[in-house]
1. Go through (1) within 23 Å of the chain's Cα centre (by Cα); (2) buried (at least 16 other Cβ atoms within 10 Å of the Cβ); (3) closer than 22 Å to residue 332 by Cα; (4) modelled with pLDDT of 95 or more one by one and return the number of the condition residue 15 breaks.
2. Looking at the range 33-64, which of its residues are farther than 15 Å from residue 340 by Cβ and surrounded by fewer than 16 Cβ atoms within 10 Å (Cβ to Cβ)?
3. Please state which one of 368, 374 is surrounded by fewer than 19 Cβ atoms within 10 Å (Cβ to Cβ) and not in a loop (DSSP other than H, G, I, E, B).
4. Enumerate the strands (runs of 3 or more DSSP E) found wholly within the range 233-287, keeping only those where 1 or more residues are small (Gly, Ala, Ser).
5. In the range 174-188, how many are touching a Lys or Arg at 6+ places or on another chain (Cβ under 7 Å) and assigned to a helix (DSSP H, G or I)?
6. Filter the range 225-234 for residues that are touching a residue at least 40 places away in the same chain (Cβ under 8 Å) and in contact with an Asp or Glu (Cβ under 9 Å, 6 or more places away or on another chain); which is surrounded by the most Cβ atoms within 10 Å (Cβ to Cβ)?
7. Restricting the search to the range 96-146, which residues are out of contact with any helix residue (DSSP H, G or I) (no Cβ under 9 Å at 6 or more places or on another chain) and buried (at least 24 other Cβ atoms within 10 Å of the Cβ)?
8. In the range 210-232, what residues are of a type in the set (Val, Ile, Thr) and part of a loop (DSSP other than H, G, I, E, B)?
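The values are calculated or read from the model by the stated rules, or taken from the named source; none is laboratory data. Since the model is a prediction, treat every value here as computed from it, not as a measurement. Glycine gets a Cβ as well: all are built from the backbone with ideal geometry, and neighbour counts include every protein chain shown.
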Amino acid sequence: MSRKVIGIVMNGVTGRMGYRQHLVRSILAIREQGGLPLADGRTLWPEPILVGRNAHKLKEIAEQHGLEHWTTSLDEALAHPLAEIYFDAQVTTAREHAIRAAIAAGKHVYTEKPTAETLDSALELARLARDAGVCNGAVQDKLFLPGLLKLKRLVDSGFFGRILSVRGEFGYWVFEGDWQAAQRPSWNYRTQDGGGMILDMFPHWRYVLDNLIAPVQSVYAHTATHIPERVDEQGRTYPATADDAAYGIFELAGGVTAQINSSWAVRVDRDELVEFQIDGTHGSAVAGLRNCRFQHRAATPKPVWNPDLPATESFRSQWQQVPDNGEFDNGFKVQWELFLHHVASGTAYHWDLLEGAKGVQLAELGLRSAAEGRRLDVPELTL
């Protein structure tokens, strides 16, 4: 069996997401399983070419994982003889320039979201990739989570009947950095550095709603900066200029109403850090990262409102768990494998830069909605 080596320029792997999810749990995990089998009998072997600004960190990561190729020069990485794919997990403000350079160098592009800071830039990247004839993709990892895959199974089976509404809750308490270190980097809370809840999470909610239920047609959003002052990695106090919470109402095709709360200033009283509930005429379901529970209309209890007496029903126990019915791999790794198959074998791939631009569009409209205090339509995007 022959092996096809494919070089992947990985930019941003010194950051938490780029290192853990994309390098270790995706690309290195594919190598640990012996590579990626292709339909023609060959094995695709991903060869990371690490690039970033911090030579010390890059060298440390390369030595830790036995990797040969790393550099602080993007041009040098793109010119590497093995390089076929460029991957970007940098801060948002640095992403557009690097992707443009990769496309100009004829590399296939796979990138974290948001794909750019503005919709115009995101669409231009999609056009450039199309015109250059390179494969391109945007990370839409939540579609491949076990909980949402189970939820999609229920949707596709017609379990819900007519879907009425969707409710989402996301977030957790991110420490301010004074008496406990923050779990997220400080740039997340500075608008000037590309931070903010809407820019971070509305692209996620766009592809989740579009792909699981129905296309988003309008948005009304309210933002807040609940924690106005935080402490950075060097112990310096700084003003938080970006929104750390966003409360959105979305109208979907078919008259479905979705409402999603997103906050880094909320303490968790639910089973998982993100949960989505779909209610329909025939049944309801609640999905998190891994689990999904459901309640059919035939098994729906008949509670009666009586505030004068304590509740006697255990409402949680009245739901059933959707079974796994299979093995679930890491969601980031699953999408990486699909993109690698797309590049190596020409298989179909839906989650391209135009899909990524839709997420930027919703974030841009969400910020505008919050600033203007009104509902805005979400126009269809085309290249």
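1. (4)
2. 41, 53, 54, 55, 56, 59, 60, 63, 64
3. When all the criteria are applied, what remains is 368.
4. Correct list: 245-252, 256-263, 274-280, 283-287.
5. Total satisfying the criteria: 1.
6. 230
7. None; the set is empty.
8. Of the residues in the range 210-232, the ones of a type in the set (Val, Ile, Thr) are 213, 216, 219, 223, 225, 227, 231.
213, 225, 227 - these are the residues of the range 210-232 that are of a type in the set (Val, Ile, Thr) and part of a loop (DSSP other than H, G, I, E, B).
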